[in-house]
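Right, one structure below, let's go through it.
FYI, it's all coordinate maths here, none of it is from the lab. Everything numeric here is computed off the predicted structure, so don't read it as measured data. Cβ placement follows ideal geometry from the backbone for every residue including glycine, while neighbour counts extend to all protein chains displayed.
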Amino acid sequence: MTAYNSSAFEVAGDINSKVCQPCQDAGSECDRTTIRFRNGLTQSDGIDRTFLDQDNWPQVRGKIRFHDETPEIASLYVSTLDYGTVLPCQDISSEGHTRIFHSNNNLHNEQFHIGSTSTQQQLSKGFSQSSQSLFSSPPSRPPALPQALHNFTQREAILLRNFVENMALWADITDPYRHFESEVPARALKEPVLRCAIFAFSSRHLNRQNDSEAAEALRYHNECVQLLIPVLSEPEHITEEFLATVAILRQHEEMDGEDHQFHLTGTSHILNSVQRFGSSGGLGEAAAWLCLRQDIYVSLTTQRPLRTNLENFRGSDIFTRNDDFAWSSRMVFLLAKVLQSAFSDVSPDNSIDVEVENWVTSKPYTFEPVRMVARGTEIDQRFPSIWMLLPVHVIGLQYYHIAKIVLALSASSPMSTTYETFRQTRQTERNIRYHLLRILGLAQSNARAENTLFTARHSLVAWGWVLRHRSDQKAAECLLHDMHERTGWNMDTLIESLRQQWQDDDGSSGN
């Protein structure tokens, strides 16, 4: 490949000519304004490729050796990558090799090993001992298909960035590898179905204060559904990208004032049909845990059995890891078991209560509050202030308190007298209120953990009626309004329902 510069290689006498002498000899188009690169292999057969004897060439001294710099250049892309980061042009196979794809076919099989012990030791130097307690081994990535990258318009770029910076964090609450923040956008560069789901959800979020702009989100949603329909009828063709797509559409659907649960049916169908996702690792398992949390929300608010088969998750490594993300995921699974026992026809599992208590007594010290202040009399102080280290700790404790509420309601047994029944009812209500206030306090005290607002909202749907004091009710409304402004979730129907419940209760006293 030869470079020609118009200023450096002009031949005397052709200054005023439209075509310089080298380009004229080569029979190629001449552009004097830029550096031109020409591959000699692309010339037509009629062009003479021999060098003229009268040309001046430098004298060659010594032996000439051709040096192929391809491996060296490729290794730069491997060695300079952050740990666990994969660029669009790079593919990491399940064997731990990095393969660089070149345009020349004979270089497709060039492999550069990054799984050696020395390399892993160098990569691990950047992790402190405390960080290693939070993370386990990095996820594997399946081979990428050589698809063309999507050319984003300005609006599409805005939608993608908004998803990465906001809603992806909601999905990654218990995922130490943050697949929805890093992996999903990378795959969306080439996967139209995943891209449309992101655009629909992101558009809904950006236009959350303007309902008149819903047409854009609806258009992307419909395009995504049209791409999904042919695939969902054939489970053997469902990939983790499609599961992630339906999970994102379910998040989009949850923001409606009236939840029709169409995409919840889709996620449950996929998880129960393709059982490997619950313990497959990578994006597939990350999407499966998101789908399970979505199913928990519906089961909690409707008091109906879970649709997801929990057996599909028992092979997950969260049961063998000891990092904080695994501990929170275990609490998610325990709450799912509690709901399954409480709302299904199967015999109650009396050991669940013990498992939940074992979780809270054995949890890592990082789950202890950094700061805790009892609730006060002002509206903005009605919930206890509970500061936690990270969002993953907040969600773990919230799910623990929800499990305690469901267990308290399930443990109620018939009493011999009316007085005993009434006394037990009041005791159960105080127990529910205690845990509900902590769920709300955790959400209000940790602004970075927006997921916890969703958990607080779901809890108010189920047990908001136990807030007897008018100040508590106003504080709950303020929390819901704040959630609407920050996330776009429609709160009008819920606030109206809560007001009706509180109005039916003629007593406004109590704490």
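Figures for the structure shown
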item	result
Cut-off 12 Å between beta-carbons: net charge of the residues surrounding SER471, Lys and Arg +1, Asp and Glu -1	+1
J(HN,Hα) series, segment 274-291, from Karplus relation 6.51 cos²θ - 1.76 cosθ + 1.60, nearest Hz, glycine and proline x	10, 5, 5, 4, x, 9, 8, x, x, 5, x, 6, 4, 5, 5, 5, 4, 4
Exposure proxy order (Cβ contacts within 10 Å, fewest to most) of SER385, SER328	SER385, SER328
Calculated on alpha-carbon atoms, Rg and Dmax of segment 342-436 in Å	16.3, 47
Residues PHE180, PHE422 arranged by fewest to most Cβ contacts within 10 Å	PHE422, PHE180
Distance (nanometres) between label positions extended 7 Å along Cα→Cβ at THR417 and THR377	3.8
Cα-based equivalent ellipsoid, segment 418-511: semi-axes from gyration tensor eigenvalues, Å	25, 15, 10
For segment 391-511: relative contact order, % (alpha-carbon pairs under 8 angstrom, 6 or more apart)	26
Least to most buried among TRP289, TRP327 (fewest other Cβ within 10 Å first)	TRP327, TRP289
Within segment 297-331: backbone nitrogen closer than 13 Å to the SER344 label point (7 Å, Cα to C-beta)	304-314
Percent RCO, i.e. relative contact order, over segment 152-316, from Cα pairs under 8 Å lying at least 6 residues apart	19
Alpha-carbon radius of gyration plus Dmax, which is the widest Cα pair, for segment 152-316 in Å	15.0, 46
Positive-end residue, segment 332-458 charge dipole about Cα centroid, Cβ charges, pick of GLN444, LEU339, ILE352	GLN444
Backbone HN-Hα couplings from phi across segment 237-250 [Karplus 6.51/-1.76/1.60, Hz, Gly and Pro as x]	9, 7, 9, 5, 5, 6, 5, 4, 4, 5, 5, 5, 4, 5
